[in-house]
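Bear in mind these aren't lab numbers, they're just calculated from the coordinates by the rules spelled out. For clarity, every value in this text was computed on a predicted model and none was experimentally measured. So basically every Cβ, Gly included, is an ideal-geometry build from the backbone, and we count neighbours across all protein chains shown.
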Amino acid sequence: MERIRKHHLFWPVLVLVALLVFNLLYDPDFFRIQVRDGKLYGNLIDILFFGSPLALVAIGMTLVIATRGIDLSVGSVVAISAAIACFTISKGADQNDPGLVATAILLALAASALLGLWNGFLVTRVGIQPIVATLILMVTGRGIAQLITSGQIITVISPNYKVIGAGTLLWLPVSVYIAALVFALAALLTRKTALGLFIESVGCNPTASRLAGIRSVTVRLFAYLFCGFCAGLAGIILSSNVSSADGNNAGLWYELDAILAVVIGGTSLNGGRFFLTGTLLGVLIIQTLTTTIYSTGVPPEVNLVVKALVVLAVCLIQSEGFRRTLARSLVSVRPSHQRVEGKVTTRG
Amino acid sequence: MRKRFIGRRAGLVILLCAMMAFMAACGSSGGSQQQASGGGGAPAPSQSAAPSSSTPSESTGEKKIVLGFSQVGAESGWRTANTKSIQEAAAAAGIDLRFSDAQQKQENQIKAIRSFIQQKVDVIAFSPVVESGWDTVLKEAKDAGIPVILTDRAIDSPDTSLYVSFLGSDFVEEGRRAGRWVVEQFKDHDGDVNIVELQGTVGSAPAIDRKAGFEEIISADPKFKIIASQSGDFTRAKGLEVMQAILKAHKDIDVLYAHNDDMALGAIQAIEAAGLKPGQDILIVSVDGIRDAFVAASEGKINFIVECNPLLGPQLMDLVKKVVAGEPVPKRIVTEERTFTIEEAIAELPNRQY
């Protein structure tokens, strides 16, 4: 029991379960899953479906945050990627041509990876603080997306492109598989190769890592590149889902949701240790919360307040200090000496 | 250490170059007609307008009317169509248009209006970004004897002498029109009519007014019930997401009322995913009238479109001419707007420009 409670995923899982139980009590139908036209249909599937683009962005964000960085530009990269993909397709003679769709996707992904690399370049080579470096792209990115779409919402009619964001494969949405694949890839790369260790060590202390022979610049460049790539993929899914690119609104505030998911998942903004599974749980918590708000009919004026309160509660619950204070005030008896876990945060 | 310093400087130089190149690119694409916008908020109109337009003092022959127009920005397809309409109508009417893009910032708009006053334009027109905070700058225009016309959005000021006329849509009336159609459709219907409402961005004038107008009409009969009302932020993606959740929470939905077409388009997708037929199982009413909505209507997926017309250029130019000629003009002019049923939408589809 003690071991389970000490596990880093204990609190996120508990919060998610609590949210689901609340929904179960509110509306027992919440968990009902039907098969409709050869695909599963229900709230839980919706959560996976709408959560998958956010999961992609958050996975990339986890690696960046692990290197003690942050990427505020992901929302804009989502918009740019969506704009490039839809613009390319809309210019084609036959919008449904598989070759054209593939070109559009590759172009969008390449551009997103390049934008990620640009962020990495600013951070590692120019030496700008990550928050400032990525802020540049966050602000200009929406402008770039608007330039590509010339301020319009580009609508494409391309069943082949639509498959990515709205298609179904073996009863589940295609986008869920994409997110799962990227998650597996990231987990494999960071847990089965030395890359994960490199990222954690760079996040703990870049200088010491460099002196120890780790190419900290390359590692950080990779993290930003991967983050850009993930955001691009999310942009393609989002635009494909509604068959249109909206430079203004696509991926708006995604950076904040992604950072929140990473933090809920237990990864510290100070860099170092990171938890991909935790991030995934964070995404599920955020998306479940959103779906809950919509289906319980919370008035739109107080939506954000409700969301903020739940997030605040989640963050407080995860804080060991807060839990201890709470326990102390509830049980006025002082608990016996608390063992403080040795948290490895070596500061340069 | 020194090497690193140089590296850092070189990086900054590259960054600066990239930024300049980017800004230049912005400028060239933005300056399509009379002049480019005041990009970084600088009141540029005076300089950049010079080559393309004759200033009043130097004009030879017939004197052209000079209209200074400050646009909100280019935030939506609607707005882009609005800008285009004004530019084309000005060219057609032979009015010298000084156009300035405020990029959704009030301070840019105030700067632009001040620079119009300095240029001594004949008329100033603008779409206020926000409702309040205009008294000072409009007083300056009034003192300079330059009439001001508001387009599309109103200002919130007790002193109505600050502007001569307000030309724009009546959002409340749009809501009423949507409501009247719903009431008409269900006049012989016994039992409750369950309505789902997708609201626009919380707190925005169109969302507040379209909701109010709609409720005003349907509240006359208690059988009309809004069973769910949620914000979809005027976007397709949110409309889809919100509608998915609402469809699962409510089994019996008769009507969907969306505050704009984009949300309706997203919701249509959600309704189809639920195995229902949009336009038949659930009747759909939406506001705006963008081209994509007409396409959906022609497929029978949207039943009724209430137009919110961005093409107010010609009306604005008529108004400007009247103001300059000293003719009296009404304080409030509602743009000419129509409504479309499926049949009317099919007929109108080829003419839709935006």
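In this calculation the C-beta distance from B:Asp252 to A:Leu14 is compared with R0 = 35 Å, giving a FRET efficiency of 0.45.
Taken about its Cα centre, segment A:20-179 carries a charge dipole of roughly 300 debye when the Cβ of each Lys and Arg holds +1 and the Cβ of each Asp and Glu holds -1. If you take the alpha carbon atoms of segment A:104-213 and fit the smallest convex hull around them, that volume is 147 Å³ per residue. Among residues other than A:Asn241 with Cβ under 11 Å from its Cβ, the summed charge is +1 (Lys and Arg +1, Asp and Glu -1).
Other protein chain C-beta atoms within 10 Å of residue C-beta, averaged over B:260-272: 2. Out of every Cα-Cα pair in the protein assembly as shown, what percent are more than 36 Å apart? Taking all Cα-Cα pairs of the protein assembly as shown, the fraction more than 36 Å apart is 49 percent. Peptide A:43-53 shows a mean partner chain C-beta count of 2 within 10 Å per residue C-beta. For B:Lys63, the lysines whose Cα falls under 21 Å of its own Cα, not counting residues fewer than eight places away in the same chain, are B:Lys120, B:Lys321, B:Lys322. The tail of the calculated P(r) for segment B:171-308, taken as Cα-Cα distances beyond 27 Å, holds 8 percent of the pairs.
Restriction of the trypsin sites (Lys or Arg not before Pro) in segment B:133-232 to DSSP coil positions whose beta-carbon has at most 11 other beta-carbons within 10 angstrom yields B:Lys187. Between segment A:284-332 and segment B:264-285, how many Å separate their Cα centres? If you average the Cα positions of each part, the centres end up 33 Å apart. Here segment A:176-213 and segment B:107-130 have alpha carbon centers that stand 54 Å from each other.
Compute the FRET efficiency between A:Leu170 and A:Leu117 as 1/(1 + (r/R0)^6), taking r as their Cβ-Cβ distance and R0 = 41 Å, and round to the nearest 0.05.
Numbers: r = 35 Å, r/R0 = 0.85.
About 0.75, to the nearest 0.05.
Computed from label points 7 Å out along Cα-Cβ, the spacing between A:Leu211 and B:Gln106 is 5.4 nm. Looking at chain A as a GNM with Cα springs under 10 Å, which of A:Leu114, A:Leu25, A:Leu40 has the largest mean-square fluctuation? Of the options given, A:Leu25 has the highest mean-square fluctuation. Less than 5 angstrom separates the built amide H of B:Val287 from those of B:Ala258, B:Asn260, B:Asp261, B:Val306, all sequence-distant by 5 or more or on a different chain.
In sequence order, segment B:217-231 has phi-based couplings of 6, 6, 5, 5, 10, x, 6, 7, 10, 7, 8, 8, 9, 9, 8 Hz under the Karplus curve 6.51 cos²θ - 1.76 cosθ + 1.60, θ = phi - 60°, and Gly or Pro positions carry x. Sequentially through segment A:28-34, phi angles give Karplus couplings (6.51, -1.76, 1.60; θ = phi - 60°) of x, 6, 3, 8, 5, 10, 10 Hz, Gly and Pro residues having no value and appearing as x. Summary of the geometry: segment A:134-158 and segment B:330-354, compared by the centres of their Cα atoms, lie 28 Å apart.
Where does segment A:256-316 land on Rg(C-alpha)/(2.2 N^0.38 Å)?
Working: Rg = 12.5 Å, N = 61, 2.2 N^0.38 = 10.5 Å.
Here the answer is 1.19, to two decimals.
Please get the size of the charge dipole for the protein assembly as shown, origin at its Cα centre, with Cβ charges of +1 on Lys and Arg and -1 on Asp and Glu, quoted in debye to the nearest 20. Write down the numbers at each step before the final one.
Numbers: 63 positive and 61 negative charges, 884 e Å.
It works out to roughly 4240 debye.
Mind checking the mean number of beta-carbon atoms from other chains within 10 Å of the Cβ atoms in B:211-224? Before the final figure, lay out each step's value.
On the way: counts 0, 0, 0, 0, 0, 0, 0, 0, 0, 0, 0, 0, 0, 0.
Average neighbour count from other chains, rounded to a whole number: 0.
Under a 5 Å amide H cut-off, with hydrogens placed 1.01 Å from N, B:Ile302 pairs with B:Ala297 among residues at least 5 apart or on other chains. Put simply, the C-alpha atoms of segment A:2-297 give a gyration tensor, and the ellipsoid matching it has half-axes of 30, 27, 16 Å, longest first. Over the Cα atoms of segment B:259-354, the radius of gyration divided by the Kirkwood radius equals 1.15; this is the Rg/Rh ratio.
Segment A:204-253 gives an Rg/Rh value of 1.28, both radii derived from C-alpha positions and Rh following Kirkwood. For segment B:196-208, backbone phi angles converted through the Karplus equation (6.51, -1.76, 1.60; θ = phi - 60°) give residue-by-residue couplings of 10, 10, 9, 7, x, 4, 4, x, 7, 4, x, 5, 5 Hz, Gly and Pro being listed as x. A simple spin-label model places the labels of B:Glu272 and B:Asp318 4.0 nm from each other, with each point 7 Å out along Cα-to-Cβ. All distinct Cα pairs of segment A:1-109 go into the 1/r average, and the inverse of that average, the Kirkwood radius, is 18.0 Å.
How much of the DSSP beta bridge set in the protein assembly as shown is antiparallel, as a percent to the nearest 5? The partial results should precede the final answer.
Values: 11 of 51 bridges.
Among the beta bridges of the protein assembly as shown, antiparallel pairing accounts for roughly 20 percent.
Just going by the charge dipole of segment A:2-297, with Lys and Arg at +1 and Asp and Glu at -1 on Cβ, which of A:Phe31, A:Pro206, A:Gly282 is farthest out on the positive end? The residue sitting farthest along the positive end of the dipole is A:Pro206.
Given a Förster distance of 51 Å, report the FRET efficiency between A:Ala184 and B:Leu349 from their Cβ-Cβ distance, rounded to the nearest 0.05.
Plugging the Cβ-Cβ distance into 1/(1 + (r/R0)^6) gives 0.65.
Amide H contacts of B:Arg332: B:Phe166, each under 5 Å away and 5 or more positions distant or on a separate chain (H built 1.01 Å from N in the peptide plane; Pro and chain starts excluded).
Of A:Arg36, A:Arg220, A:Arg328, the residue with the greatest mean-square motion in the GNM of chain A, using alpha carbon springs below 10 Å, is A:Arg328.
Applying 0.36 nm per residue to the separation of B:Ala91 and B:Val183 and subtracting their alpha-carbon distance, the gain on full extension is 28.8 nm.
Between A:Leu269 and A:Asp94, the modelled labels are 5.1 nm apart [label points 7 Å from Cα along Cα→Cβ].
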